[in-house]
Amino acid sequence: MSSCSRVAVVTGANKGIGFAIARELCRQFSGDVVLTARDEARGRAAVQQLQAEGLSPRFHQLDIDDLQSIRALRDFLRREYGGLDVLVNNAGIAFKSKVLGAGVPGAPASEDAAMGEPSFEKGRRERGAGADPTSFHIKAEVTLKTNFFGTRDVCTELLPLIKPQGRVVNVSSLASFQALKSCSSELQEKFRSETITEEELVALMNAFVEDAKNRVDQKEGWPDISYGVSKIGVTVLSRIYARNLSAQRGGDKILLNACCPGWVRTDMAGPRAPKSPEEGAETPVYLALLPSDADGPHGQFVTEKRVERW
Ligand code: NAP
């Protein structure tokens, strides 16, 4: 391995959409693919599965909740490749819910809601009958910790390593749109702002967790769906990072976007979802492999390979 090899990293790649993204990158990306997982045994088993298919991913441990783990990956990438060409931030969590109307057992409220199910506004919240019994403020804290703060920590450590013409894909969700629509108009305005800073966004995400703890989240204009709020964070963070990249490294032609894979059959979304993990991987892989002369999309939210207006 030398610093002239290109390298792509996928987070949360031991199963689900992340695994399918890693497999497709092994097939299509000209360079090394590093499959990462928080659990070494699960990650190595996934690598073996791809090796059995004739593919050659490398493995590195990565728990996005653990700064030391993120920094160990950063040091590995610096040492072995002198940087990073493609980063796919896929790792994420969602609390399960039993109810979710429409008879979708096991699917997270967030993801079938993301499909625009009409009952979302009425019942698919993380509070109330049928929802996972974990207290809402715990759901808020745990979900934000991984989906927003963990993803942000990975970006803080790895974005400075991104090489010219690099590609960054943050797997968000259409649930971020649903959650945005359910925020107060004041919050909506802040999240749609073209000038919001990373610090302001972090303060808002912390405020959500604090408001949930103090049971004033509804009064403060938050929807009671922490998964959707965490993905608002991922979508807005992507817009901020893209803006910063354009301002600070405009000549490097780095393209960074958020995306939704669609509603995909995984442990997170359950067996009734319409898409296979391979189909779910299509948009993230498309964004990861945007040609070197492409000048967009950048700073967008993309689903089904199309830009959605935030
Ligand atoms: P999944 O099957 O549950 O896979 C999630 C992956 O993330 C697993 O590899 C999991 O590892 C990993 N992960 C969780 N916490 C982590 C952490 N702290 N550090 C590192 N890895 C961690 O879910 P999925 O459906 O493939 O979801 C992948 C992404 O797509 C998520 O960001 C999700 O929000 C998003 N998404 C999914 C859908 C859908 O319909 N499935 C729709 C929209 C967006 P373990 O195996 O160790 O738990």
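Keeping to region 154-184, report how many residues are away from the ligand (no atom under 16 Å from the Cβ), in contact (Cβ under 8 Å) with a residue 24 or more places away in the chain and out of contact with any strand residue (DSSP E or B) (no Cβ under 9 Å at 6 or more places or on another chain). Going through region 154-184 one residue at a time, the tally reaches 4. Taking every residue in region 202-223 that is outside any helix (DSSP H, G or I) and pairing it with any residue that is surrounded by fewer than 14 Cβ atoms within 10 Å (Cβ to Cβ), at least 6 positions away or on another chain, the pairs with Cβ-Cβ distances below 7 Å are G221/E186. Residue count for region 15-60, restricted to those that are within 9 Å of the ligand (Cβ to nearest atom), touching a Leu at 6+ places or on another chain (Cβ under 9 Å) and free of Cβ contacts under 8 Å to residues at least 60 places away in the same chain: 5.
The rows are residues; the columns are (1) within 11 Å of the ligand (Cβ to nearest atom); (2) of a type in the set (S, T, N, Q); (3) within 21 Å of V7 (Cα to Cα).
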site	(1), (2), (3)
E279	yes, no, no
E282	no, no, yes
Q300	no, yes, no
K305	no, no, no
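Residues that are surrounded by fewer than 18 Cβ atoms within 10 Å (Cβ to Cβ) and in a strand (DSSP E or B) within region 61-92 comprise just one, Q61. Restricting attention to region 37-88, the residues that are among the polar types (S, T, N, Q) and in contact with a helix residue (DSSP H, G or I) (Cβ under 6 Å, 6 or more places away or on another chain) total 1.
Only a single item in (1) at pLDDT below 95; (2) under 30 Å from P160 (Cα atoms) is not met by I225, and it is number (2).
The values are calculated or read from the model by the stated rules, or taken from the named source; none is laboratory data. Note that this is a predicted model, so its numbers are computed, not measured. Glycine gets a Cβ as well: all are built from the backbone with ideal geometry, and neighbour counts include every protein chain shown.
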